[in-house]
Every structure is written in C-alpha cells, then in structure tokens.
Amino acid sequence: MTDLQLEIAAQAARWVVDEGLEYGPAKRRAVKALGLPGRTPLPGNDVVEDAVRDYIAVFCADTQPRELLALRQLALVWMERLQAFRPYLGGAVWHGTATRLSDIYLQLFCDDSKSAEIALIDKKVSYVPRSVTGLHGETVDALSVHAFCPDLDEEVGVHLMIYDRDDVRGALLPDARGRVPRGDIRALRALLDEARA
C-alpha cells in the first residue's frame with residue numbers, strides 16, 4: 001500500500017461519511033480532487049473501509065452509533081416484511097460503518113425472481129427497478145424504495161437485490177478479512193441486542 005493510496009482512501013472516506021457516496025465514486029472523486037491522473041492505482045475497498053472507520057472515530061463518534069442503530073432497526077423491519085425471500089443485510093449497515101446518509105442493502109434469495117416485485121406491488125410499495133453490480137461482479141436486478149426512518153426523521157434508500165435461491169451458498173463465504181459479508185435476520189437481531197446491552 002502506497003502513501004498515495006492511503007491519501008486517496010482518506011479523501012474518499014470523507015465523502016463516504018459526509019456525503020453518502022459509495023466507495024467507487026468516492027475513490028474516483030478523490031483522485032480527481034488530488035489532481036492525479038485517471039489511471040492512478042486505487043486503494044482497495046478494505047483500505048477505504050479502514051479510513052471510513054478512522055474518520056467516524058474522529059468526527060462522528062458522538063452521532064454515528066445512534067444513526068447506525070436506527071438504520072439497523074429499519075433494516076430489520078424490512079427483513080421481517082420480506083422474510084419469505086430469505087433476506088440478508090450487507091454493506092455499511094451490516095459492517096457498522098453506516099451513518100444517516102447511508103443506504104440499506106438487502107439481498108433477497110428468491111425461488112422466483114419476480115416474486116419480491118409482486119410482493120411489493122401487493123403491499124402498494126412504490127419502487128424503482130434497476131440493474132446493479134451483484135455479489136460476484138455480475139449484473140442483478142434491484143428494487144429501490146424510499147422508507148421513512150422514524151429515529152432519523154428522514155427517508156432512507158432501501159435497495160433489494162434479487163438473487164436466485166441457490167446463490168445464497170456463495171454469498172456467505174468469508175471476505176478477505178475472514179468476516180461474514182452479510183447477515184440474516186437472526187444475525188441482525190444479535191447485533192441489535194449487543195448494541196442495546
């Protein structure tokens with residue numbers, strides 16, 4: 001890891017936390033802000049995540065735990081609503097680096113790829129269908145909704161990424177740091193219980 005990559009990560013972390021950018025766009029913006037060539041080697045997401053944790057510890061230590069708790073509680077509400085589709089929570093809300101500007105990312109493992117969409121229609125939930133990069137770099141369907149978070153008193157983006165039921169096996173493999181990359185309802189409840197204790 002070079003000093004330049006660490007500087008890019010630190011710059012990107014600020015935009016992830018303060019503006020809610022995803023890691024990729026934040027890294028590209030950091031390269032541009034630092035006046036570096038477009039082909040500058042970027043730090044890995046794990047390096048940016050470390051920088052985000054450092055930034056939160058210095059600038060958001062008094063507010064971030066409450067915001068994370070609120071987002072995890074909202075994620076649990078949505079996971080309970082969508083329990084039939086075997087939901088898993090991932091991203092910053094799962095890993096503990098989320099702030100009020102973070103979105104919630106749920107992966108649904110469905111028997112029928114249209115069943116989650118039909119469930120939203122039946123519940124009269126407005127959503128925007130789109131395609132996003134999935135677990136292994138492939139394109140997957142996603143349904144994005146805006147959900148009101150009472151504890152934050154604002155709307156939060158909830159993104160439902162649709163996978164085939166069999167994809168759940170590979171989705172639970174540990175990441176490069178040996179961590180579980182996502183958790184089911186039971187795992188999320190355990191995190192919430194731990195935070196309240």
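What follows is calculated from the coordinates using simple rules that are stated; it is not laboratory data. The shown structure was predicted, so the numbers you read here are calculated from the model rather than taken from an experiment.
Observations on the model:
- As a length-normalised measure over Cα pairs under 8 Å and 6 or more apart, the relative contact order of the chain settles at 19 percent.
- HN-Hα J in Hz across segment 147-159 - Karplus 6.51, -1.76, 1.60, θ = phi - 60°, x for Gly and Pro: 10, 6, 9, x, 6, 9, 6, 7, 7, 10, x, 10, 10
- According to the calculation over all Cα-Cα pairs in segment 1-116, the P(r) per 10 Å bin from zero is 14, 38, 27, 16, 5 %.
- Against the chain, whose longest principal axis comes from its Cα atoms, helix 45-59 is set at around 80 degrees.
- Here the 3J(HN,Hα) profile of segment 95-100, calculated from phi with Karplus coefficients 6.51, -1.76 and 1.60 at θ = phi - 60°, is 6, x, 10, 6, 10, 4 Hz, Gly and Pro shown as x.
- Shape analysis of segment 3-59 places it in the prolate category; the axes a ≥ b ≥ c from the Cα gyration tensor give an a/c of at least 1.5, with a/b above b/c.
- Helix 185-196 axis versus longest C-alpha principal axis of the chain: approximately 60°, rounded to the nearest ten.
- Remark on segment 115-175: Rg and Dmax equal 13.7, 37 Å (Cα only).
- From phi via Karplus (6.51, -1.76, 1.60), per-residue ³J(HN,Hα) for segment 175-180 in Hz, x at Gly/Pro: 7, 4, 9, x, 8, 6
- Extension gain, Ala195 to Asp3: 0.36 nm times the residue separation minus the Cα-Cα distance gives 65.6 nm.
- Cα centroid of segment 18-39 to Cα centroid of segment 157-197, whole Å: 27
- Per-residue [θ]222 nm for the chain (sum of -39500 (n - 2.57) over DSSP H runs n ≥ 4, rounded to 500): -14000 deg cm²/dmol
- Theoretical gain in end-to-end length, Phe148 to Leu173 [0.36 nm per residue, Cα-Cα removed]: 5.8 nm
- When its C-alpha radius of gyration is set against 2.2 N^0.38 Å (N residues), the chain gives a value of 1.05.
- Helix axis angle, 23-33 relative to the chain longest principal axis, alpha carbon, degrees: 30
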